[in-house]
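The values are calculated or read from the model by the stated rules, or taken from the named source; none is laboratory data. Keep in mind the model is a prediction, meaning the values are calculated, not measured. Cβ placement follows ideal geometry from the backbone for every residue including glycine, while neighbour counts extend to all protein chains displayed. Side chains are part of the model used for accessible areas, which takes the heavy atoms of the whole protein and leaves out ligands, DNA and RNA. Shrake-Rupley method; radii C 1.70, N 1.55, O 1.52, S 1.80 Å.
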Amino acid sequence: MPASDRLAAATSMGAVTLLVGDLDGMTRYYRDVVTLQVLTAEGDTVTLGRAGRPIVILRHEPGLRHAPAGAAGLFHTAILFESQTALAAALFSLAQHAPQTFTGSADHLVSQAFYATDPEGNGIELYWDRDRSDWSWTHGQVEMATLHLDPNAFIRDHLTDAAAAGSTAADAASVGHVHLSVGDVSTARAFYVDALGFDVTAELGGSALFVSAGGYHHHMAMNVWNSRGAGPRMPALGLGRVDLALPDRDSFGELSERLRHHRIQIADDGRTATFTDPWRNTLHASVA
């Protein structure tokens, strides 16, 4: 496809907005357990991140309830740490303050990842990327796996006394990728690849699709592991919005034109565009 039909290579993920029932409790979890910093707290909204970069935005919605089992929505928000030491410090914090929320770990060849579920059921991945020169590609798809990764050994190997005392708390981190629960992969591909403009980087039959811009292993993934056959979402606690950061006005304009060409309704003021996928997951694109 022409370059204008693909997302710009420098596209990245922005913050993930979560609609929460207990704003204070969720703020404590992402601050004290996940080791994010409160960047702003205004009324019913708290923004947390690292080095001034928003990662998770919590919006208080006490009138909403949890979605039923099997619904579409967020599978997990993946927070990318820039060093194994900073990741080990976050994992150590999780082990100290909320070990019951830890759900697993894996070496994915391209990355090392640890998983948790926040107090309101939202999935979280804490991870570190290996250098891109260490990734392997076969026929245009990146090689990923799910290999054993011992969290205690990772802490022993990478946590320093200074990091355990909080020296990495101000180190940069970002949303590396976002996984969504969707009803079927073919519809997800039509939206996220054909219309939105991501490139496919990996597929797991009809169960999961991994996509990215610029040759990253994946910026987003859509899977049916808990949600096969799910229809459009009803208002509920959980995912509020996924943000995409475009590198410049030209790439933003190309995205807006492409979405309109595919007859996707967007609210576009020339600098930001808001639209929904087939399951009513809201996405928000803007110029970084």
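Here is how the numbers come out for the structure above:
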item	result
Among the candidates SER136, SER111, SER174, SER181, residue that is modelled with pLDDT of 95 or more, under 17 Å from ALA88 (Cβ atoms), of a type outside the set (A, V, I, L, M, F, W, C) and in contact with a strand residue (DSSP E or B) (Cβ under 9 Å, 6 or more places away or on another chain)	SER111
Qualifying positions in region 167-185 - part of a strand (DSSP E or B) and either without any contact (Cβ under 8 Å) to a residue 60 or more places away in the chain or under 14 Å from TYR127 (Cβ atoms) (or both)	ALA173, SER174, VAL175, GLY176, HIS177, VAL178, HIS179
Residue check for ARG28: in a helix (DSSP H, G or I) and open to solvent by 30 Å² or more (accessible area, probe 1.4 Å)	yes
Residues (open to solvent by less than 10 Å² (accessible area, probe 1.4 Å) and touching a residue at least 60 places away in the same chain (Cβ under 8 Å)) located in region 101-115	VAL110, SER111
Counted residues, region 151-166 - those being in a loop (DSSP other than H, G, I, E, B) and either β-branched (Val, Ile, Thr) or at pLDDT 95 or above (or both)	2
Pair list, Cβ under 8 Å, 6 or more apart: region 28-46 residue in contact (Cβ under 8 Å) with a residue 60 or more places away in the chain, other residue part of a loop (DSSP other than H, G, I, E, B) and open to solvent by 70 Å² or more (accessible area, probe 1.4 Å)	TYR29/PRO119
Test: residue in region 87-100 that is open to solvent by 20 Å² or more (accessible area, probe 1.4 Å), under 18 Å from the mean Cα position of the chain (by Cα) and at pLDDT 95 or above	no
Single unsatisfied condition, LEU259 versus (1) part of a strand (DSSP E or B); (2) closer than 19 Å to SER212 by Cα	(1)
Residues being β-branched (Val, Ile, Thr) and open to solvent by less than 20 Å² (accessible area, probe 1.4 Å) - total across region 31-46	3
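Matching residues to (1) among the small types (Gly, Ala, Ser); (2) surrounded by fewer than 20 Cβ atoms within 10 Å (Cβ to Cβ); (3) over 18 Å from ASP243 (Cβ atoms); (4) over 21 Å from the mean Cα position of the chain (by Cα):
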site: ASN152; (1), (2), (3), (4): no, yes, yes, yes
site: ARG156; (1), (2), (3), (4): no, yes, yes, yes
site: ALA169; (1), (2), (3), (4): yes, yes, yes, no
site: ALA173; (1), (2), (3), (4): yes, no, no, no
site: GLY176; (1), (2), (3), (4): yes, no, no, no
site: ALA190; (1), (2), (3), (4): yes, yes, yes, no
site: ALA208; (1), (2), (3), (4): yes, yes, yes, no
site: GLY215; (1), (2), (3), (4): yes, yes, yes, no
site: HIS218; (1), (2), (3), (4): no, no, no, no
